[in-house]
């Protein structure tokens, strides 16, 4: 493709994207295709000769778009939001256009240094502990800090991962390195290592236990408070004591700030104190809710971090206007991470790495190769500023509270809990129906709403009951969309055949 | 950012990228900044108020670009190429603009179905075994195949990973599942599992051994032929026999087609026969060289795949015009992969998943979330067609052969071997210098060339000597760039102070 063709088609694509977002409400939120329908619209074989780009754009509209579930639709309330924004798209476009590999500092110093700095910025925006910053929070004293080794002997720092799944996997590997002195990485897992989660912890922890060879059976499930669903520190203490006595090596406790199911919040200060007593790594997973701390009124969610957290992850790609993939992971001490993941073959040796003055982010992640993802986060923070980011969070929280108020005031519905962030969990009461039938009716209501194409929401089970999850926080979602969603829920609930 | 602002700035960014590629030769290939120099140009703190996009573009030129090592520069010959192309950039841009999450079929069916189909296309383009295709190669018989379960009971299929590191990690997890009946994932690694590589295998295998808890010490290093550096099947057989007798469970053998150091080729048919005898998973890593099989004259590199390979990976983001990240991984049987990586929490349950009619790619990778990466590969294959892809490979191979010819004809230089693909390894002879001094002089030559900014190449060690690696294959590299590079090498070699 010549530069001129790239200019022409590139501008067409930019317009296509702008048009898409302008007309997004004309699409059903949830794709209505059946399995195989998209594939059936695609040729069986690749083309022998190249085609023009117009043909691709035509097929995009004809074949692909019917198979898209529109995560950017203002009526998308499923899972958690997956924020997209103009500056993030353009930051990512720049990254694709420049086309560098950021595996080593030397393979493009700006990729590493911008990432380090932007994650320091984000740590400051979220008011995270100073020891998570590459300069230990001491940059104001002046001085160079390119590789993050200056600024008063700082040993922490941040890195962009593709997802919170990878962040927790990497945290576990660092914790395993610290707990076992590197024995597992060197000689293989040869004893019982244990991880601590609750029933509300994200499934990626169990997946990581399987990937690391720790084993799903060694994921210990700590009790939760039956009402708040928060992890019970006393039970954690008891399990750690029991496991240690039985000869196991506790590796990592995962506390969650804002669980996936209901945004429950584990008591980090109390959990942290238990972790310290037992010498166990504390990872705090705030994948969704962490972004809220850009607002001073949400800084309380960081309680206990300063004293106790060894690692912390939040996803700007969920609720902070930055396209997936962009998970921010910070560690208080980078050494066990690098110890776990660094391998230096001859063909990667270079002067900068040998000098020890620079960060090589390949040693902070699973893969060797890496994209220049800092560009999109840089672009987002600069475009919106701290002010704009706060406004985005406050809008989502405000709309969720409005919805919660309407639900609370409606005698036919039960609000699970006042929402802390942007997620509202609730269910129709289905008065007179036994629990099991009522739960089936709630699922049936969800299916009907999703099939209508007007909105898309998902479900969970909490305190033994099926609940609808309605997560507000998409950049395009405003008051009228939440009102309409609530009207549609009430309306459709009246149509669900119950009491057969 | 309003749609109008997005249109305006988006077109500016498109022009910026086109301009960048047009003037890329005006930059030094290797960034000349020192550690900390980029960081010093960035504000210490994030902005309180948002800024215009123009300010970002200005800082991109002022602060970031001096810290970029230009992987798309036609004088970039380091590592392996990391191909970028117009259609790939635009496919990726569409993915960013649409902003969906492809973790489940249900979260955007087109993301899954396009990926499945495009990887079937790529398998056909590379003439990979039919059992790697989602339809077992049987789509010509007609019928729907959305989830890949139709078409004659096919059980294989392809998936896009971020890198070959992740591909081998995932292959190991699947192999471990098959070898141990899922015991390691469930109960944790409780016995000695072993992996088989050669000294030439990519370092990501050892990294994966550490990540999976198999342990670096259980990576068995099979001898290589001292001349070709290809893995010795007889020694592999001996090691497998020995380890099995000692009670270890062999999990996976990694054969490489085109090693990172020198593009050596392991004898897959012979290695495969040994794997079959011992019931061990054979993973073929063709990260760089696999792309060459788009050309019929390179199909011989697939020898043994049909009979023996359990999994195969190649990186379109290296040499097939598709922006990083895009590693294609195929498995002959998807079941152990899914068995190793599938976990289904309540909030991800959905009708399509339960039906078993669809692929949920989250079960084929480490992370839960995933981008719509198939769009860029679709775009590349359609724009270039099979013809265009072949032409790209042939250009790189042709230029590498030209260079090898000039080196062979020059009495002051030693060609390591006739290049099979696009990588040429060589060294100045430094007549009269002892080996150690000669090797130091070769490294010194490399540093001087890289510091000049005219070209960028890296080094390796093979057969005990330091070699320069010059990898041709960037989309912008044409005859004159390779000629100039060779002239610069000869010229600079004359300037290296030797024989102190």
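The values are calculated or read from the model by the stated rules, or taken from the named source; none is laboratory data. A quick note: this is a predicted structure, and the numbers were derived from the prediction, not measured. Positions of Cβ are generated from backbone atoms using ideal geometry, with glycine treated the same way; all protein chains shown enter the neighbour counts.
Taking every residue in the stretch A:252-271 that is more than 14 Å from chain B (Cβ to nearest Cβ) and pairing it with any residue that is in a strand (DSSP E or B) and surrounded by fewer than 24 Cβ atoms within 10 Å (Cβ to Cβ), at least 6 positions away or on another chain, the pairs with Cβ-Cβ distances below 6 Å are A:257/A:265. Checked against (1) more than 7 Å from chain B (Cβ to nearest Cβ); (2) touching a strand residue (DSSP E or B) at 6+ places or on another chain (Cβ under 9 Å), residue A:54 meets all criteria but (2). For the structure I just gave you, tell me whether residue B:343 is within 25 Å of residue B:169 (Cα to Cα) and surrounded by fewer than 20 Cβ atoms within 10 Å (Cβ to Cβ). Yes: the conditions hold for residue B:343. If you check residue A:16 against the conditions, is it within 7 Å of chain B (Cβ to nearest Cβ), under 32 Å from the mean Cα position of the chain (by Cα) and surrounded by 15 or more Cβ atoms within 10 Å (Cβ to Cβ)? So residue A:16 fails the test. Of A:69, A:116, A:107, all but one fail to be within 21 Å of residue B:37 (Cα to Cα), surrounded by 24 or more Cβ atoms within 10 Å (Cβ to Cβ) and touching a helix residue (DSSP H, G or I) at 6+ places or on another chain (Cβ under 8 Å); the exception is A:116. Each residue in the stretch A:403-439 was checked for being surrounded by fewer than 16 Cβ atoms within 10 Å (Cβ to Cβ) and not in a loop (DSSP other than H, G, I, E, B), and 5 of them qualify. Considering A:398, A:385, the condition of being more than 8 Å from chain B (Cβ to nearest Cβ), without any contact (Cβ under 8 Å) to a residue 60 or more places away in the chain and assigned to a helix (DSSP H, G or I) is satisfied by A:398 alone. Which members of the stretch A:197-218 meet the condition of being in contact with a helix residue (DSSP H, G or I) (Cβ under 6 Å, 6 or more places away or on another chain) and more than 10 Å from every other protein chain (Cβ to nearest Cβ)? Within the stretch A:197-218, just A:197 meets the criteria.
Where helices (runs of 4 or more DSSP H) fall wholly inside the stretch B:272-365, the ranges with 3 or more residues that are in contact with a helix residue (DSSP H, G or I) (Cβ under 9 Å, 6 or more places away or on another chain) and in the same structural domain as residue B:115 (by TED's automatic domain parsing) are B:305-308, B:316-319, B:335-341. Residues that are part of a loop (DSSP other than H, G, I, E, B) and facing chain B (nearest Cβ under 8 Å) within the stretch A:84-115 comprise A:84, A:85, A:99, A:100, A:101, A:108, listed in sequence order. When A:179, A:208, A:216 are screened for being on the phi < 0 side of the Ramachandran plot and more than 23 Å from the chain's Cα centre (by Cα), only A:179 passes. Close contacts from the stretch A:58-78, counting a first residue that is more than 8 Å from chain B (Cβ to nearest Cβ) and a second that is part of a helix (DSSP H, G or I) and at pLDDT 95 or above, with Cβ to Cβ under 7 Å and a gap of 6+ residues or different chains, come to A:73/A:24; A:73/A:25; A:74/A:25; A:74/A:481; A:75/A:481; A:75/A:485; A:77/A:485. Under 13 Å from residue B:94 (Cα atoms) and in contact (Cβ under 8 Å) with a residue 60 or more places away in the chain - does that describe any residue in the stretch A:33-56? Checking the stretch A:33-56: not a single residue is under 13 Å from residue B:94 (Cα atoms) and in contact (Cβ under 8 Å) with a residue 60 or more places away in the chain.
Please determine, by comparing only the residues of the stretch A:35-51 that are within 30 Å of residue B:350 (Cβ to Cβ) and in contact with a helix residue (DSSP H, G or I) (Cβ under 8 Å, 6 or more places away or on another chain), which one is farthest from the other protein chains (Cβ to nearest Cβ). Once the filter is applied, the top-ranked residue is A:41. Scanning the stretch A:302-318 turns up no residue that is over 23 Å from the mean Cα position of the chain (by Cα), in contact (Cβ under 8 Å) with a residue 60 or more places away in the chain, surrounded by 18 or more Cβ atoms within 10 Å (Cβ to Cβ) and farther than 28 Å from residue A:461 by Cβ.
I'm trying to understand the selection: among the residues of the stretch B:399-415, which are more than 14 Å from residue B:489 (Cα to Cα) and touching a helix residue (DSSP H, G or I) at 6+ places or on another chain (Cβ under 9 Å)? Those that are more than 14 Å from residue B:489 (Cα to Cα) and touching a helix residue (DSSP H, G or I) at 6+ places or on another chain (Cβ under 9 Å): B:399, B:400, B:402. With the structure loaded, tell me whether residue B:27 is under 22 Å from residue A:113 (Cα atoms), out of contact with any strand residue (DSSP E or B) (no Cβ under 9 Å at 6 or more places or on another chain) and at pLDDT 95 or above or whether it fails that test. Yes, satisfied.
Only residues that are within 12 Å of chain B (Cβ to nearest Cβ) and surrounded by fewer than 24 Cβ atoms within 10 Å (Cβ to Cβ): list them for the stretch A:326-339, please. Answer for the stretch A:326-339, where residues must be within 12 Å of chain B (Cβ to nearest Cβ) and surrounded by fewer than 24 Cβ atoms within 10 Å (Cβ to Cβ): just A:339. Residue A:178 meets each of the listed conditions (1) facing chain B (nearest Cβ under 10 Å); (2) at pLDDT 95 or above apart from (1). Determine whether residue A:123 is in a helix (DSSP H, G or I), surrounded by 19 or more Cβ atoms within 10 Å (Cβ to Cβ), in contact with a strand residue (DSSP E or B) (Cβ under 7 Å, 6 or more places away or on another chain) and more than 7 Å from chain B (Cβ to nearest Cβ). So residue A:123 passes the test.
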